[in-house]
Every structure is written in structure tokens, then in C-alpha cells.
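Just below is one structure, and these are the notes that go with it.
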Amino acid sequence: MPKNETAVITHTEANIHERRKADHIRINLEENVTFNKLTTGLENYFFMHQALPELDLAAVDTTTTLFGKPLRTPLLISSMTGGTPEAGLINRTLAEAAQAVGIAMGLGSQRAAIEDASLADTYHVRQVAPDILLFANVGAVQLNYGYGLDQCRRAVEMCQADALILHFNALQEAVQPEGDGNFASLLGKVEQICRNLPVPVIAKEVGWGFAEETARQLVNAGVAAIDVAGAGGTSWSQVEMYRAPTTRHARVAGAFIDWGIPTAVSIQYCRRAAPHLPIIASGGIRNGIDVAKCIALGANLVGFAGEFLRAADKNGVAGVVELAETLTDELRIAMFCSGAENLASLSKTQLHTQFLT
């Protein structure tokens, strides 16, 4: 194939990725893309209230460390976007806020910029966030479509990331008309990346959760952490339903509105499969009380996506900072009222699923 023909195809594919990213931002801001009946499952748990916590609220400690970087609070701005000018502005807004409040951040899939270097700037956030724990991001399925160690390294170097997310989005790819549906023989390729990439690799679902056996396979392949991204928050099959080019595509995508493993369940599956690895909880987390529940169930870090996106869109950096600080206040009070002076203590605090009689 002539060199210029290859370039044309690459440019066309990059344009498709760019349009898809723009669609995703718009749909998440404008449409109802939540699950219908399926929930995170967190509402089924409660802390035993401690009327006498024997703690000073001011001394309750929410700090933690992950991959050698300190965090003031166990919050993650979950991976969302990149690849368009609007997405670049959102990423810089989110990163500047993350720097201000000392929380972690994941970038959206970098495939668009790997295939069109002119889009790399939309992922450049280190100039406004030199100290944050930052995750690069590539779709795991791309390892079956020509990606390898070189592309993963480029994603990390592009944004000077501390770790790489490999995201697993089988259902989203299946309901996209332009989706990449070949997930066959993928695990061995994931293992090669884990063994050879110079930064840790995080396995991340995108909203339907990891089963215990899948998490165990990924641990054996060498992942350094797992982001459960369970069901109950944003449904990406619903997002794709709004992008559907035909009624048939929309019906197929819409059928999966309540598919997936609830976040609370997937946290426990992943903790059993990976007793010594960091677990990130995300998928439908609503407030700091949910954050506390996730940590008590086995998580080390808790991610929010849609709420941070809406805060950035409405009020910029100040809105994201306000949300992060509010979530931390709620977490601290939940810890105080359950008798947990720090996150290590919270992780050992028992949750209850039914009231005592």
C-alpha cells in the first residue's frame, strides 16, 4: 500500500475517533445514560453508627499512598475523555483541580492521539498538574488490532503518566456499529504488556464490573491494580444507544440497560481475587458515604466520572475543587461516625446488610 494511502486511512480513522469522543461528551452531559433498575448495591450496606466514636473529627486522616505517590484523599477523577479540543479543555480543568486538592486522575482513551499525533495536546496536563498521580489509557482490545508495547509506551510518555490503564469494554465494543469485537486470545498479550512496560498496568472495566475469575486471570497476567468500574452508574451501552445509526442498533444497545455486575459485588470479587493488590472502586459512586463503604468493602481508591465532568462543564476548576472537597468532608464524617480514625482502620470496619432486632 502506498505511503500516502496509509496516511489517508489513518487520518480518516482519527476523524472517526474524534467524532466519537465529541459524541460521548455531549451525550453524557445531555442525556440520561444511567441504569434503569440495576444499582451499585451499595445501598444494601450500612455502618454501625458510633454515638461515642472516641475520636476528634479534626484528627480523622483521609490521606493515602498509591504507586509511591501521596494523595490527600482516596479519590480518583476517573478516565473520561481526550482527542478533541473540548476534551483537551476538560482534561486540563480536571487536572488543575486534581493538583489543587491532591487527588488522582485518569485520562480517556488515547487511541485517537496515538493514531493522529496532532491530538496529543488534548492529553497534555502535566503543565497544570505536575504532582498528581496520573494514569494513561489504552483499550485492551487494541492489542488485537496492531497495538503492542510501543503504542503503550507512547501513551504513557505522551502524558508523563505514572501508570497505564488497559480498559476492557467488551459490551461497548459489541454494541458500537464501528466497534472492535475481537477479544480472542487477548490475555497473553495483556501479560506481555504487564511484564515489559516500565510503569504499572491497571486493568479497568468501564461500567459492567469484573467477575472474580476474570480478576484472577488478570492478576496472574501481572496487572498491578484493578479498577472494578461496576454496574450502577453510567451505562455505556445507553451512551452508544444514543449514537446508534439505525433503529435496530438502538434496540440492541438499549436491551443491555441493566447488564453487569453491581459495583459493591465486583469490589468483593476483585478483593478475593487480588488480596494484596490495590483495588479501585468506580461505577455509580454518589457521595463520600459511598466512598467509605467502598473502602470498607475492600477498595483503596474510589473513582467518579460523570459528577466531575458536570462540575467541570458548569463551574470549571472551582466546581471540581468544590466537589472533591465536599466528597472528602462526607468521607471524613462517615469515618468519624463509624469510629475509623484513618483509612487503614476504615478498611477493617464491618459493614452490615440488615438491621438487628
key: residue 314, sole failed condition from (1) assigned to a helix (DSSP H, G or I); (2) over 16 Å from residue 63 (Cβ atoms); (3) touching a residue at least 24 places away in the same chain (Cβ under 8 Å)   = (3)
inquiry  = Take residue 253 and tell me if it is crowded, with 22+ Cβ neighbours inside 10 Å and more than 17 Å from the chain's Cα centre (by Cα).
reply    = yes
query = Looking at this structure, is residue 107 out of contact with any His (no Cβ under 9 Å at 6 or more places or on another chain) and among the hydrophobic types (A, V, I, L, M, F, W, C)?
reply = yes
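I'd like to know if the stretch 261-268 contains one or more residues that are among the aliphatic types (A, V, I, L, M) and surrounded by fewer than 21 Cβ atoms within 10 Å (Cβ to Cβ).
Checked the stretch 261-268: no residue is among the aliphatic types (A, V, I, L, M) and surrounded by fewer than 21 Cβ atoms within 10 Å (Cβ to Cβ).
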ask   = Cβ-Cβ below 8 Å, separation at least six or inter-chain, first residue in the stretch 317-330 and modelled with pLDDT under 95, second surrounded by 15 or more Cβ atoms within 10 Å (Cβ to Cβ): which pairs?
value = none
ask   = Which residue pairs have Cβ atoms under 7 Å apart, sit 6 or more places apart or on different chains, and have a first residue in the stretch 286-305 that is free of Cβ contacts under 8 Å to residues at least 40 places away in the same chain and a second that is surrounded by fewer than 24 Cβ atoms within 10 Å (Cβ to Cβ) and among the charged types (D, E, K, R)?
value = none
key: In the stretch 65-89, the residues that are in a helix (DSSP H, G or I) and either among the aromatic types (Phe, Trp, Tyr) or buried (at least 21 other Cβ atoms within 10 Å of the Cβ) (or both)   = 87
inquiry  = Could you go through the stretch 52-69 and let me know if any residue there is of a type in the set (S, T, N, Q) and modelled with pLDDT under 95.
reply    = no
note = Flagged in the stretch 272-308 as within 18 Å of the chain's Cα centre (by Cα), surrounded by fewer than 22 Cβ atoms within 10 Å (Cβ to Cβ) and either closer than 16 Å to residue 203 by Cα or aromatic (Phe, Trp, Tyr) (or both), in numbering order, are 277, 278, 300
ask   = Which residues, taken from the stretch 171-210, are in a helix (DSSP H, G or I) and crowded, with 17+ Cβ neighbours inside 10 Å?
value = 171, 172, 173, 175, 189, 190, 191, 193, 194
note = Restricting attention to the stretch 228-242, the residues that are buried (at least 20 other Cβ atoms within 10 Å of the Cβ) and out of contact with any Ser or Thr (no Cβ under 6 Å at 6 or more places or on another chain) number exactly 10
task = Show the residue pairs that are 6+ apart or on different chains and have beta-carbon atoms under 6 Å apart, the first residue being within the stretch 332-344 and farther than 13 Å from residue 48 by Cβ, the second being surrounded by fewer than 19 Cβ atoms within 10 Å (Cβ to Cβ).
result = 336/53; 336/55; 336/57; 341/55; 342/61
task = Give me a count of the residues in the stretch 99-111 that are in contact (Cβ under 8 Å) with a residue 40 or more places away in the chain and under 18 Å from the mean Cα position of the chain (by Cα).
result = 8
inquiry  = Step by step: first the residues of the stretch 157-168, then only those that are more than 24 Å from residue 207 (Cβ to Cβ) and in contact (Cβ under 8 Å) with a residue 12 or more places away in the chain, then the one that is surrounded by the most Cβ atoms within 10 Å (Cβ to Cβ). Which residue is that?
reply    = 158
key: Considering residues of the stretch 109-126 that are outside any helix (DSSP H, G or I), in contact with a helix residue (DSSP H, G or I) (Cβ under 7 Å, 6 or more places away or on another chain) and not charged (D, E, K, R) only, the residue surrounded by the most Cβ atoms within 10 Å (Cβ to Cβ)   = 110
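The values are calculated or read from the model by the stated rules, or taken from the named source; none is laboratory data. A quick note: this is a predicted structure, and the numbers were derived from the prediction, not measured. Positions of Cβ are backbone-derived with ideal geometry, glycine not excepted, and every protein chain shown enters the neighbour counts.
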